[in-house]
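Here is the structure we will look at.
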Amino acid sequence: MDNKLMLMIPGPTPVPEAALLAMAKHPMGHRSKEFDAIFAECTENLKWLHQTSGDVLSLTVSGTGAMEAGIINFLSAGDRVLVGTNGKFGERWAEVAVAYGLNAEIIKAEWGQPLNPEDFREKLEADTEKQIKAVIVTHSETSTGVLNDLETINRHVKAHGEALIMVDAVTSLGAVSVPMEAWGLDVIASGSQKAYMIPPGLGFVAVSPKAWKAYKTATLPRYYLDLGKYSKDAAKNTTPFTPPVNMFFALQASLQMMKAEGLENVFARHRRLMTTTRAAVKALGLPLFAADGAASPAITSVMPPASVDAQKVRTLMRKKFDIALADGQDHLKGKIFRIGHLGFVCDRDILAAISALEVVLQELGHEGCTPGAGIAAAAKELAGS
Ligand SMILES: *Cc1c(COP(=O)(O)O)cnc(C)c1O
């Protein structure tokens, strides 16, 4: 059936009608009073979402561009940086660091495991000469469904005193609390197609006063992604280059929706989507890829037993039910499937996805559960909340 596709991938995520309709307008001039007002409202609400009174800058990039901007504006070639990698995105930031000639030291954990904050503490405590300029961490590692312990890692960075903390919050911001100011986070990158509930096309970088100090002496090349330009213009409610004006119409609408729901309710919803999905998947006899204590509220990764082909699960979910699930990445391709529950997703969507999964598992001859067990577990989880 046409127009029934249900996106349960971790980006792009579903877009609410209010945002879609807001976009369906003629573009307006980006040097107009009307646009300045929309831009100003968006900037104000972005600060609310980031729990900061500092700069939150909007760039015409995907999440990777936002993160690259966040890395290159505050560092110089040869700078020593620690990069946490326990999945595809952590590895990407190590590649960016290397591409820009940074002296990147990798702090690694296996895919599916969280980063160990102690590994950061050891390196940071040993650095008595304060040569570590930045610690780069992916908060919610989308490739595996692991939520790293940003709060503890950041505490060790704060104890070091010099190093900046740069966070890929692309699938955590708007799903779990990332209190920028309270924790003293320096750089936070995110992208529109995730918890923001709007299409791909905008990237966001939040910058602390401490990072702006580093900006003054940082010498990596920058032009289009020179955040100083964006900050200077944002103070006048404008942008250095032509912004995707229709995306701002959508952003305005989606941020209004988030504000109406309330930040704590948004986080509680994502927690509930996570616990419901995980309870149901467990009841279906399918192993979860990330442990309970380290699970991302944005995405649940499932590693079915050898008797169930993960690729076939995704193919049948799509073919029979128009539900799109995500594949594994790199060496996990075809081995896991990932259920995105990020952004414009409600309890009903999880119930639908779990019911569909039950049908697909029966069709594939999965014998690890009694029919209905997944939905029973999900219902129990939701009835209590
Ligand atoms: C989606 C995502 C990104 C950004 O990817 P783009 O394709 O560049 O938007 C970065 N980090 C994480 C953890 C992500 O999930």
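The values are calculated or read from the model by the stated rules, or taken from the named source; none is laboratory data. Just so you know, these numbers come straight off a predicted model, no measurement behind them. Here the Cβ is made from the backbone with ideal geometry for all residues, glycine too, and neighbour counts use every protein chain on show. Protein only, heavy atoms only, side chains kept; ligands, DNA and RNA dropped before computing areas. Shrake-Rupley method; radii C 1.70, N 1.55, O 1.52, S 1.80 Å.
A few remarks follow.
- Taking the three principal axes of the alpha carbon atoms in region 178-318, the coordinate ranges are 57, 33, 30 Å, sorted in descending order.
- Enclosing the Cα atoms of region 140-235 in their convex hull gives a volume equal to 131 cubic angstrom per residue.
- Apolar share of the accessible surface for region 17-260: 54 percent from carbon plus sulfur atoms, 1.4 Å probe.
- Sites residue 291 and residue 98 - FRET efficiency at Förster radius 25 Å, r taken between beta-carbons, to 0.05: 0.25
- Model label sites at residue 315 and residue 241, defined 7 Å from Cα along the beta-carbon direction, differ in position by 4.1 nm.
- Principal-axis tilt of helix 33-50 within the chain, Cα atoms, nearest 10 degrees: 70 degrees
- Computed packing ranks the peptides 341-347, 258-264 as 341-347, 258-264, most packed first, by mean other Cβ atoms within 10 Å.
- Placing a label point 7 Å from the Cα of residue 256 along the Cα-to-Cβ direction, the residues of region 42-57 whose backbone N falls under 13 Å from that point are 42.
- Solvent-accessible surface of the chain, taken per residue with a 1.4 Å probe and all protein chains present: 41 Å².
- Overall Cα dimensions of region 255-385 - principal axes, largest extent first, Å: 44, 33, 30
- Of interest is the spacing of the C-alpha centroids, which for region 121-151 and region 182-236 amounts to 19 Å.
- Cα-based reach from residue 47 at 19 Å (exclusive), listing aspartates and glutamates while leaving out same-chain residues under 8 positions away: 36, 55, 168, 181, 186, 233, 261, 264
- A simple spin-label model places the labels of residue 213 and residue 322 5.5 nm from each other, with each point 7 Å out along Cα-to-Cβ.
- The calculated FRET efficiency for residue 159 paired with residue 370, based on their beta-carbon distance and R0 = 56 Å, is about 0.65.
- Listed by chain and number, the lysines placed with their C-alpha closer than 18 angstrom to that of residue 319 are 4; residues fewer than eight positions away on the same chain are left out.
- On region 310-350, 52 percent of the accessible area sits on carbon and sulfur atoms, based on a 1.4 Å probe.
- In loop segments of region 93-143 as defined by DSSP, the GluC sites (Glu not before Pro) with at most 16 further C-beta atoms inside 10 Å of their C-beta are 110, 129.
- Judged by the gyration tensor of its Cα atoms, with axes a ≥ b ≥ c, region 84-147 is oblate; a/c meets the 1.5 cut and b/c is at least as large as a/b.
- Taking Cα atoms only, the orientation of helix 373-383 departs from the longest principal axis of the chain by about 60 degrees.
- Full-extension gain in nm, residue 37 to residue 25, via 0.36 nm per residue minus C-alpha separation: 2.7 nm
- Compactness index (Cα Rg / 2.2 N^0.38 Å), region 17-260: 0.99
- To the nearest ten degrees, helix 63-72 and the longest principal axis of the Cα atoms of the chain are 30 degrees apart.
- Based on C-alpha pairs under 8 angstrom that are at least 6 apart in sequence, the chain has a relative contact order of 23 percent.
- Cα gyration tensor, region 207-251 - rounded (a/c under 1.5), prolate or oblate: prolate
- Applying 1/(1 + (r/R0)^6) with r as the Cβ-Cβ distance of residue 131 and residue 330 and R0 = 30 angstrom yields a FRET efficiency of 0.45.
- Centre separation in Å (Cα based) which lies between region 1-78 and region 308-385: 29 Å
- Heavy-atom accessible area order for 222, 31, largest first, 1.4 Å probe: 31, 222
- Within the straight-line cut-off of under 22 Å between alpha carbons, the lysines reachable from residue 130 are 108, 158, 210, 213, 216, sequence neighbours fewer than 8 places apart in one chain being disregarded.
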